[in-house]
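Report on the following structure.
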Amino acid sequence: MSDIERIMLAAPVIPVIVIDDLATAVPLAEALVAGGLPALEVTMRTPAALDAIRAMKQVPGAIVGAGTVVNSEQFEAVMDAGAEFIVSPGLTERLAEPIIASGVPYLPGIANSADIMRGLDLGLTHFKFFPAEANGGLRALKSLAAPFYQCKFCPTGGVSEANAPEWLAFEPVLCVGGSWVCSGTTEVVEAKARAAAAFRR
């Protein structure tokens with residue numbers, strides 16, 4: 001089993017996290033981990049993201065990765081911050097090659113057959129299907145997965161508490177990414193995480 005597969009199998013849902021206020025980072029991570037969702041994707045969408053990665057790594061049990069990584073400069077920055085896995089919204093050789101060479105677990109985004117073929121050429125078999133609902137939803141992923149039987153997926157984008165179980169019932173889907181588990185008080189977040197961790201795959 002690859003390192004990225006272990007992370008994808010850590011829980012049925014990978015929380016997709018946007019941190020605006022650094023003070024919220026640790027309490028959010030603690031609540032998600034307590035609820036059974038240890039793999040945390042901190043998106044590089046805000047100035048607080050790098051410090052949030054550093055802070056969340058101190059939470060026992062947390063596996064903290066960086067999401068929305070779009071270029072090699074960001075990759076270097078998140079590695080310096082201690083990111084344990086990398087997620088990108090798309091797949092380019094220029095970004096993928098240094099990540100693959102580093103050995104850090106990597107989950108690149110794909111939207112079509114050409115993206116998957118590019119990934120396979122690079123030696124990758126695990127992908128984020130993004131944006132999942134806008135790209136045709138589960139029906140589209142089933143069509144893509146058929147010829148690429150060796151691939152596993154994490155649909156993200158439009159995945160919710162309501163439709164996550166349907167995605168997870170499809171065998172090539174190892175987990176889903178979602179932001180719905182991240183909103184509310186720490187008590188609410190932990191409860192949402194607990195419910196999400198109970199989803200069947």
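The values are calculated or read from the model by the stated rules, or taken from the named source; none is laboratory data. All values reported here derive from a predicted model rather than from experimental measurement. With ideal geometry, Cβ positions are generated from the backbone for all residues, glycine too; neighbour counts draw on all protein chains shown. Heavy atoms of the whole protein, side chains included, go into the accessibility calculation; ligands, DNA and RNA do not. Shrake-Rupley method; radii C 1.70, N 1.55, O 1.52, S 1.80 Å.
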Notebook entry, point to check: For the range 45-143, list the helices (runs of 4 or more DSSP H) that sit wholly inside it and hold at least 2 residues that are within 30 Å of PRO27 (Cβ to Cβ) and either open to solvent by less than 60 Å² (accessible area, probe 1.4 Å) or in contact (Cβ under 8 Å) with a residue 24 or more places away in the chain (or both); which are they?
Noted result: 49-56, 72-81
Item checked: Of all residues making up the range 154-201, the number that are within 17 Å of ALA140 (Cα to Cα), of a type in the set (D, E, K, R) and touching an Asp or Glu at 6+ places or on another chain (Cβ under 9 Å) -> 0
Next item on the list: For the range 159-176, name all the residues that are in contact with a Phe, Trp or Tyr (Cβ under 8 Å, 6 or more places away or on another chain) and either closer than 21 Å to VAL18 by Cα or open to solvent by 60 Å² or more (accessible area, probe 1.4 Å) (or both).
Entry: VAL159, SER160, GLU161, ALA164, VAL176
Notebook entry, point to check: How many of the residues making up the range 16-29 are open to solvent by 60 Å² or more (accessible area, probe 1.4 Å) and within 14 Å of VAL181 (Cα to Cα)?
Noted result: 1
Notebook entry, point to check: Across the range 30-40, what is the number of residues that are open to solvent by less than 10 Å² (accessible area, probe 1.4 Å) and closer than 23 Å to GLU5 by Cα?
Noted result: 5
Item checked: Scan of the range 1-15 for residues that are surrounded by 14 or more Cβ atoms within 10 Å (Cβ to Cβ) and in a loop (DSSP other than H, G, I, E, B), ordered by number -> LEU9, ALA10, ALA11, PRO12
